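Asks: Sending over a structure as structure tokens; questions will come in a sec.
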Amino acid sequence: MSNKNQLVIFDTTLRDGEQSPGASMTKAEKLRIAKSLEKMRVDVIEAGFAIASQGDFESVKVIAETIKDSRICSLSRALDKDIDRAAEALKGANASRIHTFIATSPIHMKYKLQMAPDAVVEQAVKAVKRARSYTDDVEFSCEDAGRSEIDFLCRIIEAAIDAGASTINIPDTVGYAIPDQFGVTIKTLLERIPNSDKAIFSVHCHNDLGLAVANSLSAVANGARQVECTINGLGERAGNASLEEIVMAVRTRSDLFNVETRLDTSHIVPSSRLVSTVTGFPVQPNKAIVGANAFAHESGIHQDGILKHRETYEIMKAQDVGWHTNSLVLGKHSGRNAFRTRIEELGISLESETELNKAFAAFKELADKKHEIFDEDLHALVSSTTAASQKDRFELVCMSVNSETGVMPVSKVTLIADGQEVTKEASGSGPVDATFSAIETIVESGINLQLYSVNNITSGTDSQGEVTVRVERGGRIVNGLGADTDIVIASAKAYLHALNLMEGSDNKQHPQGDV
Ligand code: KIV
Ligand code: ZN
């Protein structure tokens, strides 16, 4: 038996991750991600900020009622109404946690809260006690701890533990910390706070200086026993510490870290793909652990070394994080059972037989156009078939594009818009531009296109193109995603996906906004 300490993995992809502009997710998407996190054996899933909106409340509720093997947490400011709403959403959970927070840095207390430090301590204590009246698992966070005074941190944390908090979280909210210094802060808190042994100390690092993972690891080396992180490092601004990097760092360098996690790391890559396709945030190819090139060896010297002895250039096994060496999966003649088995092997969970049938029909259609279907194709295919919900306002019926040298491209698009079939055509500087204009002549959405990007999902010219568009209207941002072997059709699908999401997205409160 190992004598290492357990490092609690607290995933906040569904809460802090969703605070990335454009990363909003539907209830069904959040549930799918929560199931994937549960399979990975994540200890705590922060499912949302229940008071933010009715949609957030319902997401926390359904996740709390469905997930059995991970603890489900809801964020709440240090306010009675937030805590009550969190408790209500968490009622059906097997194991729940209320996470309450208040800002502790001089700048936040003075300008955001406009409260004196004594009043902040009083409010924190009151909030922890109220949360304890609902559950014995209460986490207290000192927002902007990275810029807070150590004496004040010691004072408020001691009071929060006395009031019943069993986890104390030290967020570097604005990503200001530097690894050595942050490690010293954690060590000092553990040493100076008289009741520090009554709580687990946690960290929550943002990546504004690209140091979120380094700061989290330094904190772990200095006694932190919970890390808050997100899949693919998704999160506000430059993101949060990435779950996959933290988990694989403590595992790969177990010679340096006296901790271990419960995680089944083989679910890392499927979860990464799922989060990327659901949010429309692509994973850069050179991203550690989950990037397409993370285990690819381009140079001849490296390939030679790897063939002689894998460990010459590889410190982890690709299979351990869920990359499959045999990624050729299915072809035109594969049946429904083979399809279902491969989907399950990839860790993709489909909600119902109807979803499976839809995905299988799309697979057959793709297999007619493309001989070899790879794992990556399946991830994209499932995401794009499940992205289209029953209530979509706009649906692509068919389209054709005329593109020839010296002539302005023209696109003709037929949509179902609010139940009516409409066909329009428009020209543009290229086929995609013409297609978006044709769609706009039908929908007149008034949105601004902020980003357009195409990735080929596998290699080869018969590969599916995966298009991401980011659009904005009235300050609200959403990402749309579409995949097809024809990139103009993929673009139209992505644009319509964004339009449909824009219609459905709810206006929610930001937890760190005004109180
Ligand atoms: O970054 C932060 O401070 C947070 C808290 C609400 C924990 O996300
Ligand atoms: Zn945060």
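Asks: Return the calculated 222 nm mean residue ellipticity for the chain, to the nearest 500 deg cm²/dmol, obtained by summing -39500 (n - 2.57) across DSSP H runs with n ≥ 4 and dividing by the residue count.
Replies: -12000 deg cm²/dmol
Asks: Based on the Cβ-Cβ distance from Ala361 to Arg237, what FRET efficiency comes out when R0 is 41 Å, to the nearest 0.05?
Replies: About 0.55, to the nearest 0.05.
Asks: Follow-up question, since we're still on this one. Does anyone have the angle between helix 353-369 and the longest principal axis of the chain? Alpha-carbon axes, 0 to 90°, nearest 10?
Replies: Orientation of helix 353-369: about 50 degrees from the principal axis.
Asks: Past the 32 Å Cα-Cα mark, which pairs from Lys4/Lys112; Lys110/Lys287; Lys412/Lys508; Lys369/Lys424; Lys68/Lys198?
Replies: Values: Lys4/Lys112 41 Å; Lys110/Lys287 39 Å; Lys412/Lys508 37 Å; Lys369/Lys424 27 Å; Lys68/Lys198 26 Å.
Result: Lys4/Lys112; Lys110/Lys287; Lys412/Lys508 exceed 32 Å.
Asks: Take the Cα pairs of region 180-287, get the Kirkwood Rh, then feed it into Stokes-Einstein at 10 °C and 1.306 mPa s and tell me D in µm²/s. Provide the component values of the computation, followed by the final result.
Replies: Values: Rh = 14.7 Å.
Answer, rounded: 108 µm²/s.
Asks: Provide the gained length on full extension for the span Thr252 to Glu65, in nm with one decimal, where the gain is 0.36 nm per separating residue minus the Cα-Cα distance. Provide the component values of the computation, followed by the final result.
Replies: Numbers: separation 187, 0.36 × 187 = 67.32 nm, distance 3.47 nm.
Length gained between Thr252 and Glu65: 63.8 nm.
Asks: Write down the Å³ per residue value for the convex hull defined by the alpha carbon atoms of the chain.
Replies: Per residue, the Cα convex hull of the chain comes to 167 Å³.
Asks: Could the peptides 10-23, 283-296 be put in order, highest first, of the mean number of other beta-carbon atoms found within 10 Å of their residues?
Replies: The packing order, highest mean first, is 10-23, 283-296.
Asks: Where in region 218-241 is the amide nitrogen less than 17 Å from a point lying 7 Å along the Cα-to-Cβ axis of Ala288?
Replies: Flagged as within label range: 218-222, 227-235, 238-241.
Asks: Kindly provide the pair-distance distribution of region 1-90 built from C-alpha pairs, with 5 Å bins from 0 and whole-percent values in order of increasing distance.
Replies: 3, 15, 26, 24, 16, 9, 4, 3, 1, 0
Asks: Further question: Measure off 7 Å from each Cα along the Cα-to-Cβ vector at Lys412 and His510, then give the distance between these two points in nanometres to one decimal.
Replies: The answer from the label model is 4.6 nm.
Asks: With θ taken as phi - 60° and the coefficients 6.51, -1.76 and 1.60, list the Karplus ³J(HN,Hα) couplings across region 336-342 in order, rounded to whole Hz; mark glycine and proline as x.
Replies: 4, 5, 4, 4, 4, 4, 5
Asks: Restricting to Cα pairs below 8 Å that are 6+ residues apart, what does the relative contact order work out to for the chain? Please round to a whole percent.
Replies: Across the chain, relative contact order equals 12 percent.
Asks: With a Förster radius of 45 Å, plug the Cβ-Cβ distance of Asp197 and Ala338 into 1/(1 + (r/R0)^6) and report the FRET value to the nearest 0.05.
Replies: 0.25
Asks: Pop the C-beta distance of Lys126 and Ile150 into the FRET formula with R0 = 25 Å and round what comes out to the nearest 0.05.
Replies: My answer for the efficiency is 0.60.
Asks: Report the label-to-label distance for Thr405 and Lys369 in nanometres (one decimal), using points 7 Å from each Cα along the Cα→Cβ vector.
Replies: Placing both labels 7 Å beyond Cα along the Cβ direction yields 2.6 nm.
Asks: P(r) for region 5-279: what percent of alpha-carbon pairs falls in each 10 Å bin, starting at zero?
Replies: 7, 32, 40, 19, 2
Asks: While we're on this one: For region 315-462, evaluate the Debye formula with one uniform point scatterer on each Cα (no solvent term) and list log10 I(q)/I(0) at q = 0.11, 0.18 Å⁻¹, rounded to two decimals.
Replies: Log-scaled intensity ratios, in q order: -0.59, -1.17.
Asks: I would also like to ask the following. Between Ile178 and Arg41, what length in nm is gained on full extension when 0.36 nm per residue of separation is reduced by their alpha carbon distance?
Replies: Separation in residues times 0.36 nm, less the Cα-Cα distance, equals 46.3 nm.
Asks: Percent antiparallel among DSSP beta bridges with both residues in region 5-279, to the nearest 5?
Replies: Antiparallel bridges make up about 5 percent of those DSSP assigns within region 5-279.
Asks: What list of ³J(HN,Hα) values in whole Hz, one per residue of region 375-384 in order, does the Karplus curve 6.51 cos²θ - 1.76 cosθ + 1.60 (θ = phi - 60°) give from phi, with Gly and Pro shown as x?
Replies: Working through the residues one at a time gives 3, 4, 4, 5, 4, 5, 5, 5, 5, 6 Hz.
Asks: Continuing with this model, one more query. I want to check the label-to-label distance for Glu421 and Asp304. Put each point 7 Å from Cα in the C-beta direction and report it in nm to one decimal.
Replies: Result for the modelled spin labels: 6.3 nm.
Asks: Continuing with this model, one more query. Taking the Cα centre of the chain as origin and charging only Cβ (+1 Lys, Arg; -1 Asp, Glu), how large is the dipole, in debye to the nearest 20?
Replies: Around 700 debye, computed over the chain.
Asks: While we're here: Quick one: what do you get for region 438-482 if you divide its Cα Rg by 2.2 N^0.38 Å?
Replies: Rg over 2.2 N^0.38 Å, computed on Cα atoms: 1.42.
Asks: Could you give the alpha-carbon Rg of region 394-502 over 2.2 N^0.38 Å, rounded to two decimals?
Replies: That works out to 1.03 for region 394-502.
No value in this document is a laboratory result; all are computed from the given coordinates. Everything numeric here is computed off the predicted structure, so don't read it as measured data. A quick note on method: Cβ atoms are made from the backbone with ideal geometry, for glycine too, and the neighbour counts reach across all protein chains shown.
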